[in-house]
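The values are calculated or read from the model by the stated rules, or taken from the named source; none is laboratory data. What you see is a predicted model; the values in this text were computed from it and never measured. All Cβ positions, glycine included, derive from the backbone under ideal geometry; neighbour counts span all protein chains shown. Side chains included, ligands, DNA and RNA excluded: accessible areas come from the protein's heavy atoms. Shrake-Rupley method; radii C 1.70, N 1.55, O 1.52, S 1.80 Å.
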Amino acid sequence: MGFLSGGPYYDMIGRTGNNVGRRVKGKNVFSMRPSKSNKAPTVAQVNQRLRFELVASWLRRLGGVIDIGFKEYDAQMSARNAAFSYNVLHAITGVTPNYTIDYAKVIFSKGPLDLPNDPQINVATAAKLDYSWAATTGDSNGLATDKFSFVVFNPSKNKFVTLKGGAVRSALAYSLQLPGDFSGDTVEAYFSIVSADGKMVSDSVYIGPFIVL
């Protein structure tokens, strides 16, 4: 059921008959519902659905990070749709029906903010990843007050650990606490940066797989 968000001359949100209204980047988008087809899907359509479902299920749990990281990527798309579109094209490997996420190519933030030099992770403490990075030198649009966000994915448990704004650029290090039952598992680790005023973001960075102590 659709509704008007403020009166008869305001936005229509939701579904009314064959019409669907929604808001995208502050604008009301009005479209027709796609008609159902009785034709069996083609092989290409089945493969596309498998790819879509894989990426959608993986990114769905990163919504809060993506809302920041992709908010300025495409003026015509929501942040989550833009992230979905990018990763469907770039972050899938394997052959049908055994598609998998290519962890090294996943991007959950896309922007011009400068990255730090020499980002690394050290694994020396049980259930922790010790991130470190060097100061950005020379001309840079990065500031000491920029905030780091961290994302860690555990494939064997299909779980994420995310932390937004966990450290500032000037700290040069951060120790990320993981669940105790991650010990012994291989995890995929990332980070991204957002300016203190939230107006600029960096690309997200994949640092690599690590075995948690």
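Cross-link pairs exceeding 25 Å in C-alpha to C-alpha distance, out of Lys71/Lys128; Lys105/Lys164; Lys110/Lys164; Lys71/Lys164; Lys164/Lys199; Lys39/Lys105, comprise Lys71/Lys128; Lys39/Lys105.
Quick one: pull the percentage of alpha-carbon pairs in the range 57-213 with a separation above 18 Å. So the pairs more than 18 Å apart make up 58 percent of the total in the range 57-213.
Where the centroid of each part is defined by its Cα atoms, how far is the range 188-204 from the range 57-97 in Å? Each part's Cα centre sits 15 Å from the other's. Surface analysis of the range 141-194 yields an accessible area of 41 Å² per residue, using protein heavy atoms and a 1.4 Å probe. Using the Cβ of Val43 as centre and a radius below 15 Å, the other residues enclosed give a net charge of +3, where K and R count +1 and D and E count -1. Counting protein heavy atoms only, the range 67-213 has 53 percent of its accessible area on carbon and sulfur, 1.4 angstrom probe. For the range 153-213, applying the loop criterion from DSSP together with a ceiling of 13 other beta carbons within 10 Å to the trypsin sites (Lys or Arg not before Pro) yields Lys157, Lys199. Ile207 sits among other residues whose Cβ lies under 12 Å from its own Cβ, and their net charge, with Lys and Arg +1 and Asp and Glu -1, is -3. Note on Ser170 and Val205: their simple-model spin labels are 1.9 nm apart, each label 7 Å out from Cα toward Cβ.
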